[in-house]
1. Please report, in whole Å³, the volume per residue of the convex hull around the C-alpha atoms of region 15-90.
2. What is the percent carbon and sulfur in the accessible area of region 254-379, measuring with a 1.4 Å probe over the protein chains and ignoring ligands?
3. By how many nm would the segment from GLU458 to ASP184 grow when fully extended, if each residue of separation counts as 0.36 nm and the alpha-carbon distance is taken off?
4. Testing the spin-label approximation: label points 7 Å from Cα along Cα→Cβ at VAL367 and LYS90. State their distance in nm.
5. What are the semi-axes of the equivalent ellipsoid of region 387-438, taken as the square roots of 5 times the eigenvalues of the Cα gyration tensor, listed largest first and rounded to whole Å?
6. If I compute solvent accessible area with a 1.4 Å probe over the protein chains, what percent of it on region 1-153 is carbon and sulfur?
7. Calculate, for LYS447 and MET13, the FRET efficiency according to 1/(1 + (r/R0)^6) with r their C-beta to C-beta distance and R0 51 Å; round to the nearest 0.05.
8. With the dipole of the chain worked out from charges on the C-beta (+1 for Lys and Arg, -1 for Asp and Glu) around the Cα centre, which of VAL220, ALA428, GLY348 lies farthest toward the positive end?
Amino acid sequence: MEKNSGSAAPFGMKDKLGYMFGDFGNDFTFILSSSFMLKFYTDVMGISAGVVGILMMAARFVDAVTDVTMGQIVDRSKPTKDGKFKPWIKRMCGPVAIASFLIYQSGFAHMAYGFKVFWMVVTYILWGSIFYTSINIPYGSMASAISADPGDRAELSTWRTIGATLAGLVIGVGTPVVAYEVVDGNTVLSGPRMTVIAGVFSVLAIVCYLLCFQLVRERVEVAANNQRLNVGGLLKSLATNRPLLGIIAAAVLLLLGMLGMQGMAGYVYPNYYGSAPAQSLSALVGSLVVLVICAPLASKLSEKFGKKELSVVSCAFGAAVYVVCLIVNPKNPYVYVGFYTLAYAGLGFFNTVIWAMITDVIDDAEVKNGVREDGTIYSVYSFARKLGQALSSGMIGGLLSLIGYTQDTAFDPVITKGIFNLSCIIPAIGLGAVALALFFIYPLDKKRVEKNVAILEERRRNA
């Protein structure tokens, strides 16, 4: 139910800015991991790409437990004076930032191989499976408590995407400029510089999380779910929730495409094109496209055509761009940046509205079951995103090993041509599959979403 209007200021810009800073904080560690961790451990620490990929995929089995557990904890927690979800952001911002920093300790590069693998496993599990989970699930679930209005939630989704895009801008543009150095004519990643960068980003993540805590207000009181946990019933409910299954499939495939683009950027620009500045430029223009085109237009286009409908078209467009890039095989790195930018605009629309689509899934479940389970549904979705992140990293690591990439072969012409091919094929398949998953599996088109909103409004009026 809606809290008394006197208990909190009306929904406004402070909430949108606060929610933006929340994902800014998330992505200071998340984007750093998805874009540079594989590169750091292969090129600086000397770990096989396949081993790093296996870790990232294996960690998701841990997440299968920790994500859903955290969702249950959130759903069953009682609201405090700061709300039900906000307190977790303040509690966990320090641990998640510290764990992220510990991942990138280049001082251990000369230690025994077994120790380096051990360090990588422990710090990555602490960061991703425990601390990131304990802050990201309450943060994502909080959108439903900030406002009950679907329009407000769509704006929160847009501002969340703006926060992620700004973090991507800082990390994607700034990191290659600072982290790479030229050694014997080759562009290589500097371990000590990466350690410093990770430390700076961890501090900035904490600042952003605290800004989120201060600016956001929870207005919709979400009572603790005191129903006895029925694991079998919960699994059956989730397994038969077609909207959730559809958005999970799309999210996993989106991350395979998007993180495939970002992960391969760390190889295709320095190794194939020999241009770290081009990598920075791609991050810059990709971010600007999201901020200048996708963010302003996504809400308007989704309101007119529907979020599902917009996402299908935009992702299919992104896939087509990479097919053309593979055929053209541009020799100039800045022409490749152009293809990257067009494709990023395609996935940007879906990435902008996806958080509003999650609230649509939560609403649909409430219409059917009469129970609102923001934390549980969001935790399952969060696990799916982590699975997509891991699969992309594991896939990239495995494919790099398959084409023979090592520290010694990093600049072999045959290997670098394979890197280029992978940089096009991975996102083309990923984004094309997103469009198909949304079209055939996800049922929440514009008409059904509007019907669910009307039903819930009627129920709340009569409550």
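The values are calculated or read from the model by the stated rules, or taken from the named source; none is laboratory data. Note that the structure is predicted; figures quoted are calculated from it, not measured. Heads up, the Cβs are rebuilt from the backbone with ideal geometry, glycines too, and the neighbour counts pull from every protein chain shown. The protein model used for the area step is the full one, side chains on, heavy atoms only, and it has no ligands, DNA or RNA in it. Shrake-Rupley method; radii C 1.70, N 1.55, O 1.52, S 1.80 Å.
1. Considering the Cα atoms of region 15-90, their hull volume per residue is 106 Å³.
2. 70 percent
3. Full-extension gain reported as 91.7 nm.
4. Roughly 3.7 nm, to one decimal.
5. Here the semi-axes work out to 25, 13, 6 Å.
6. Of the solvent-accessible surface of region 1-153, carbon and sulfur hold 71 percent.
7. Rounded to the nearest 0.05, the efficiency is 0.95.
8. Projecting each Cα onto the dipole axis, the largest value belongs to VAL220.
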